[in-house]
Amino acid sequence: MFLVGAAATLATVAPLFLGTEPLPSVFSWMCMLRGLGFLIAAAGVIRSATAQRRQVAAPSPPSAAPPAT
């Protein structure tokens, strides 16, 4: 999603530098996908970090005693 939004942003800004006609407003709306993709990725990182923190904080089961020889 982020890459689609980034490509739409480049396509929207390019006519300003090339002196051509601006693209339709659909491309401007597609630029918002960049921020949405970033938010989804950030939410995944936060979710992974909290799950990892819970796993570290959880008490581990006692280890089995070695067999008697």
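The values are calculated or read from the model by the stated rules, or taken from the named source; none is laboratory data. Treat the numbers as computed from the prediction; the structure is a model and nothing was measured. Neighbour counts run over all protein chains shown; Cβ positions are idealised from the backbone, glycine included. For the accessible areas, the whole protein counts, side chains as well, though only heavy atoms, and no ligand, DNA or RNA atoms are used. Shrake-Rupley method; radii C 1.70, N 1.55, O 1.52, S 1.80 Å.
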- prompt: Using beta carbons and a limit of 9 Å, which pairs, at least six apart or on different chains, have the first residue in segment 1-28 and at pLDDT below 85 and the second one loosely packed, with under 10 Cβ neighbours inside 10 Å and part of a helix (DSSP H, G or I)?
  reply: Pro22/Leu16
message: Please go through segment 29-62 and give me each residue that is modelled with pLDDT under 90, under 24 Å from Leu3 (Cβ atoms) and open to solvent by less than 60 Å² (accessible area, probe 1.4 Å), ordered by number.
response: Cys31, Leu33, Gly35, Gly37
